[in-house]
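S.K.: Could you have a look at this structure, given as C-alpha coordinates, before my questions?
The values are calculated or read from the model by the stated rules, or taken from the named source; none is laboratory data. Fair warning: this is a prediction, and the values are worked out from it, not measured in the lab. Quick reminder, even Gly has a Cβ in these numbers, built from the backbone with ideal geometry, and neighbours come from all protein chains shown. In case anyone asks, the SASA skips ligands and DNA or RNA and just uses the protein heavy atoms, side chains included. Shrake-Rupley method; radii C 1.70, N 1.55, O 1.52, S 1.80 Å.
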Amino acid sequence: MALHKILKIVALLLSIAGVIFLAMIIAKGDEAVVATGEGVDGFLYIAYITLAIVIVFVLFFVLKGIFSGNIKNTLMSVGAFLLIVIISYVLADANPMAMQDGEMLSASGSKWVGAGLYAFYILAVLAIGSMVFSGIKKVTK
(Lines give C-alpha, C1' and ligand atoms only; values in the text may rest on other atoms or scores of the structure.)
Protein backbone atom coordinates (compact mmCIF):
# COMPACT_ATOMS: atom_id res chain seq x y z
CA MET A 1 0.00 0.00 0.00
CA ALA A 2 2.97 2.34 0.45
CA LEU A 3 3.51 2.57 -3.33
CA HIS A 4 -0.19 3.33 -3.84
CA LYS A 5 -0.06 6.18 -1.30
CA ILE A 6 3.14 7.59 -2.84
CA LEU A 7 1.60 7.50 -6.32
CA LYS A 8 -1.54 9.24 -5.05
CA ILE A 9 0.59 12.00 -3.53
CA VAL A 10 2.68 12.37 -6.71
CA ALA A 11 -0.49 12.48 -8.83
CA LEU A 12 -1.96 15.11 -6.52
CA LEU A 13 1.21 17.24 -6.71
CA LEU A 14 1.35 16.96 -10.50
CA SER A 15 -2.34 17.88 -10.71
CA ILE A 16 -1.87 20.94 -8.51
CA ALA A 17 1.17 22.02 -10.53
CA GLY A 18 -0.81 21.55 -13.75
CA VAL A 19 -3.67 23.66 -12.44
CA ILE A 20 -1.23 26.39 -11.37
CA PHE A 21 0.45 26.44 -14.78
CA LEU A 22 -2.95 26.48 -16.49
CA ALA A 23 -3.99 29.45 -14.36
CA MET A 24 -0.75 31.22 -15.33
CA ILE A 25 -1.45 30.60 -19.02
CA ILE A 26 -5.03 31.85 -18.70
CA ALA A 27 -3.85 34.94 -16.80
CA LYS A 28 -1.37 35.86 -19.56
CA GLY A 29 -4.11 35.83 -22.18
CA ASP A 30 -4.44 34.17 -25.56
CA GLU A 31 -2.49 36.73 -27.55
CA ALA A 32 0.59 36.62 -25.31
CA VAL A 33 0.69 32.83 -25.28
CA VAL A 34 0.22 32.53 -29.05
CA ALA A 35 2.76 35.25 -29.82
CA THR A 36 5.54 34.22 -27.43
CA GLY A 37 4.60 30.79 -26.07
CA GLU A 38 5.13 32.26 -22.63
CA GLY A 39 3.90 30.09 -19.78
CA VAL A 40 3.69 26.88 -21.77
CA ASP A 41 7.06 25.54 -20.59
CA GLY A 42 5.82 24.59 -17.13
CA PHE A 43 2.83 22.81 -18.60
CA LEU A 44 5.15 20.84 -20.89
CA TYR A 45 7.45 19.89 -18.00
CA ILE A 46 4.48 18.46 -16.11
CA ALA A 47 3.55 16.44 -19.20
CA TYR A 48 7.14 15.18 -19.59
CA ILE A 49 7.34 14.16 -15.93
CA THR A 50 4.00 12.35 -16.17
CA LEU A 51 5.08 10.57 -19.35
CA ALA A 52 8.38 9.51 -17.77
CA ILE A 53 6.62 8.12 -14.69
CA VAL A 54 4.16 6.18 -16.85
CA ILE A 55 6.92 4.75 -19.06
CA VAL A 56 8.99 3.66 -16.04
CA PHE A 57 6.03 1.89 -14.44
CA VAL A 58 4.92 0.25 -17.68
CA LEU A 59 8.42 -1.08 -18.34
CA PHE A 60 8.77 -2.26 -14.74
CA PHE A 61 5.50 -4.17 -14.69
CA VAL A 62 5.99 -5.58 -18.19
CA LEU A 63 9.42 -6.94 -17.26
CA LYS A 64 8.06 -8.20 -13.94
CA GLY A 65 5.23 -9.98 -15.77
CA ILE A 66 7.60 -11.47 -18.34
CA PHE A 67 9.92 -12.97 -15.75
CA SER A 68 7.17 -14.19 -13.43
CA GLY A 69 5.11 -15.79 -16.20
CA ASN A 70 5.85 -18.20 -19.02
CA ILE A 71 8.85 -16.61 -20.72
CA LYS A 72 8.77 -19.13 -23.59
CA ASN A 73 5.33 -17.98 -24.78
CA THR A 74 6.35 -14.34 -24.39
CA LEU A 75 9.50 -14.79 -26.45
CA MET A 76 7.56 -16.70 -29.12
CA SER A 77 5.06 -13.82 -29.37
CA VAL A 78 7.82 -11.23 -29.61
CA GLY A 79 9.57 -13.37 -32.23
CA ALA A 80 6.36 -13.69 -34.27
CA PHE A 81 5.91 -9.91 -34.15
CA LEU A 82 9.52 -9.35 -35.27
CA LEU A 83 9.00 -11.87 -38.09
CA ILE A 84 5.96 -9.89 -39.27
CA VAL A 85 8.01 -6.66 -39.18
CA ILE A 86 10.83 -8.31 -41.18
CA ILE A 87 8.38 -9.69 -43.76
CA SER A 88 6.75 -6.26 -44.01
CA TYR A 89 10.13 -4.59 -44.51
CA VAL A 90 11.03 -7.03 -47.30
CA LEU A 91 7.68 -6.44 -49.04
CA ALA A 92 7.90 -2.64 -48.85
CA ASP A 93 9.09 -0.52 -51.78
CA ALA A 94 11.93 1.97 -51.44
CA ASN A 95 10.74 4.75 -53.75
CA PRO A 96 11.72 8.30 -52.78
CA MET A 97 8.73 10.58 -53.07
CA ALA A 98 7.80 14.22 -52.71
CA MET A 99 5.90 15.21 -49.57
CA GLN A 100 3.25 17.93 -49.27
CA ASP A 101 5.70 20.56 -48.03
CA GLY A 102 7.94 20.09 -51.07
CA GLU A 103 10.66 18.08 -49.33
CA MET A 104 11.68 14.63 -50.50
CA LEU A 105 11.10 11.48 -48.45
CA SER A 106 14.21 9.32 -48.67
CA ALA A 107 14.16 5.78 -49.99
CA SER A 108 14.85 4.46 -46.49
CA GLY A 109 12.05 6.54 -45.00
CA SER A 110 9.68 5.38 -47.72
CA LYS A 111 10.64 1.76 -47.08
CA TRP A 112 9.96 2.11 -43.33
CA VAL A 113 6.61 3.80 -43.94
CA GLY A 114 5.64 1.00 -46.31
CA ALA A 115 6.84 -1.60 -43.81
CA GLY A 116 4.69 -0.03 -41.10
CA LEU A 117 1.66 -0.10 -43.36
CA TYR A 118 2.25 -3.71 -44.37
CA ALA A 119 2.78 -4.72 -40.72
CA PHE A 120 -0.49 -2.98 -39.80
CA TYR A 121 -2.37 -4.77 -42.59
CA ILE A 122 -0.93 -8.17 -41.67
CA LEU A 123 -1.70 -7.70 -37.96
CA ALA A 124 -5.22 -6.44 -38.75
CA VAL A 125 -5.94 -9.48 -40.92
CA LEU A 126 -4.61 -11.79 -38.19
CA ALA A 127 -6.73 -10.05 -35.53
CA ILE A 128 -9.90 -10.17 -37.63
CA GLY A 129 -9.18 -13.78 -38.59
CA SER A 130 -8.69 -14.80 -34.97
CA MET A 131 -11.98 -13.11 -33.99
CA VAL A 132 -13.85 -14.85 -36.80
CA PHE A 133 -12.23 -18.20 -35.93
CA SER A 134 -13.10 -17.73 -32.26
CA GLY A 135 -16.71 -16.85 -33.15
CA ILE A 136 -17.09 -19.86 -35.42
CA LYS A 137 -15.56 -22.10 -32.79
CA LYS A 138 -18.03 -20.81 -30.15
CA VAL A 139 -21.00 -21.31 -32.48
CA THR A 140 -20.05 -24.89 -33.32
CA LYS A 141 -19.79 -25.90 -29.64
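S.K.: Kirkwood Rh over Cα pairs of region 1-46 into Stokes-Einstein at 10 °C, 1.306 mPa s: D in µm²/s?
M.R.: Numbers: Rh = 11.7 Å.
The Stokes-Einstein estimate is 136 µm²/s.
S.K.: Once the Cα gyration tensor of region 88-136 is diagonalised, what are the square roots of 5 times its eigenvalues, in whole Å and ordered largest first, as equivalent ellipsoid semi-axes? Before the final figure, lay out the partial values.
M.R.: Working: eigenvalues 204, 23, 5 Å².
Result for region 88-136: semi-axes of 32, 11, 5 Å.
S.K.: What distance in nm lies between label points placed 7 Å from Cα along the C-beta direction at LEU14 and LEU59?
M.R.: With each label point 7 Å from Cα toward Cβ, the separation is 1.6 nm.
S.K.: Here's something else I'd like to know. Tell me, what is the percent relative contact order of the chain, built from C-alpha pairs under 8 Å that lie six or more residues apart?
M.R.: Working: 70 pairs, mean separation 18.8, N = 141.
Once divided by the residue count of the chain, the mean separation gives 13 percent.
S.K.: Quick one: if you take sqrt(5λ) for each eigenvalue of the C-alpha gyration tensor of region 23-102, what semi-axes come out, biggest first, whole angstrom? List each step's numbers first, then the result.
M.R.: Working: eigenvalues 336, 156, 7 Å².
Working through the eigenvalues yields semi-axes of 41, 28, 6 Å.
S.K.: Here is a further query. Return the sequence-ordered ³J(HN,Hα) values of region 106-118 in whole Hz as given by the Karplus equation 6.51 cos²θ - 1.76 cosθ + 1.60 applied to θ = phi - 60°, using x for Gly and Pro.
M.R.: Result, rounded to whole Hz: 5, 5, 5, x, 5, 5, 5, 5, x, 5, x, 5, 4.
S.K.: Further, regarding this structure: What per residue convex hull volume, in Å³, do the alpha-carbon atoms of the chain yield?
M.R.: Numbers: hull volume 34.3 nm³, N = 141.
Looking at the chain, the number lands at 243 Å³ per residue.
S.K.: Further question on the same structure: So for the pair TYR45, LEU117, with labels modelled 7 Å out along Cα→Cβ, what separation do we get in nm?
M.R.: 4.3
S.K.: So if the hydrodynamic radius of region 47-88 is defined as the Kirkwood radius over C-alpha pairs, what does Stokes-Einstein give as its diffusion coefficient at 10 °C and 1.306 mPa s, in µm² per second?
M.R.: Values: Rh = 12.0 Å.
For these conditions, the coefficient is 133 µm²/s.
S.K.: Another question about this same structure. In the neighborhood of PHE21, defined by Cβ-to-Cβ distances under 14 Å, what is the net charge if each Lys or Arg adds +1 and each Asp or Glu adds -1? Provide the component values of the computation, followed by the final result.
M.R.: Details: positive: LYS28; negative: GLU38, ASP41.
Spelling it out: positives minus negatives among the neighbours equals -1.
S.K.: Give me the percent of the accessible area of the chain that comes from carbon and sulfur atoms, probe 1.4 Å, all protein chains in place.
M.R.: Answer for the chain: carbon and sulfur cover 76 percent of the accessible area.
S.K.: Using the heavy atoms of the protein chains alone and a 1.4 angstrom probe, what is the accessible area of the chain per residue in square angstrom?
M.R.: On the way: 11100 Å² over 141 residues.
Dividing the accessible area of the chain by its residue count gives 79 Å².
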